[in-house]
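Taking it in order: structure first as structure tokens, then the write-up.
The values are calculated or read from the model by the stated rules, or taken from the named source; none is laboratory data. These numbers come from a predicted model, not from an experiment. We place every Cβ from the backbone using ideal geometry, glycine too, and count neighbours over all the protein chains shown.
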């Protein structure tokens, strides 16, 4: 949990104890799904992303999906509801909820635009706009972090860190170096080796490399690990197990090729 999230939870607990107890009770053990996509309307350029958790019963979800399906069924003439993939179901439910919200907002904005507010109400609206700026600050250009200018020598490397200043650490022979890397916290310093990847039709797959974060705290790395694609760091045994599964899957692909060949021959 980030510091900002923790502060927000403490604020709710302090100022809205009943809401806090309700959320704790309702969310306990409740599975969470989504969001699948960010939703907005076409008329307004988004400034921020506002996330809301809906506590919904299955009846409410089914009703929302039923309404959405009635609207999109014409686009799915050759399909039935049973063919909807999981991500499609979730997308349609979330889209329905967002459409309803934006529809009501749009109607209120039209009503507000047609009204002439008295001075005291305009003052209140200005204060509310300032409150929005505090609660949803606009995106600011990210400051570019300075990059490393490492100094190598005698099996060590001297690097800059944001929290510990300049430090000298051992530099493994397999590490490709730190030139051009951004300066980070000490715990985030990482040695990275060269990548090994498969390649087919010019597309690389399953890239693998050795990495080591000697100062990592949340997930300590006393020894180097292997980073393969999106898998978390693996030790040697885990990497061998993955290699064995890749070999097994290669056989499955070969069998699938034979099946495809039979299907194609049957159509000739």
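When 131, 101 are checked against the criterion of being assigned by TED's automatic domain parsing to the domain that holds residue 79, without any contact (Cβ under 8 Å) to a residue 60 or more places away in the chain and either surrounded by fewer than 11 Cβ atoms within 10 Å (Cβ to Cβ) or not in a helix (DSSP H, G or I) (or both), a single residue qualifies: 131. Scan the range 154-177 for residues that are over 16 Å from residue 213 (Cα atoms) and touching a strand residue (DSSP E or B) at 6+ places or on another chain (Cβ under 9 Å) and the total you get is 2.
Hey, any hits in the range 242-261 for a residue that's touching a strand residue (DSSP E or B) at 6+ places or on another chain (Cβ under 8 Å) and either at pLDDT below 95 or surrounded by 10 or more Cβ atoms within 10 Å (Cβ to Cβ) (or both)?
Yes - at least one qualifying residue is present in the range 242-261.
Residues considered: 242, 206. Of these, the only one that is within 30 Å of residue 178 (Cα to Cα), part of a helix (DSSP H, G or I) and in contact (Cβ under 8 Å) with a residue 12 or more places away in the chain is 242. Against the condition closer than 30 Å to residue 165 by Cβ and not in a strand (DSSP E or B), how does residue 215 come out, does it pass? In short, yes. No other residue among 124, 48, 93 is free of Cβ contacts under 8 Å to residues at least 24 places away in the same chain, out of contact with any strand residue (DSSP E or B) (no Cβ under 8 Å at 6 or more places or on another chain), surrounded by 10 or more Cβ atoms within 10 Å (Cβ to Cβ) and outside the structural domain of residue 190 (by TED's automatic domain parsing) apart from 124.
Looking at 201, 114, which one is in the same structural domain as residue 48 (by TED's automatic domain parsing) and surrounded by fewer than 11 Cβ atoms within 10 Å (Cβ to Cβ)?
None of the other options fit; the residue is 114.
The set of residues in the range 188-203 that are assigned to a loop (DSSP other than H, G, I, E, B) and farther than 18 Å from residue 148 by Cα comprises 194, 195, 201, 202.
Let's see how each residue does on (1) on the phi > 0 side of the Ramachandran plot; (2) exposed (fewer than 13 other Cβ atoms within 10 Å of the Cβ):
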| position | (1), (2) |
| --- | --- |
| 119 | no, yes |
| 136 | no, yes |
| 147 | no, no |
| 150 | no, no |
| 158 | no, no |
| 165 | yes, yes |
| 175 | no, no |
| 183 | no, no |
| 187 | no, no |
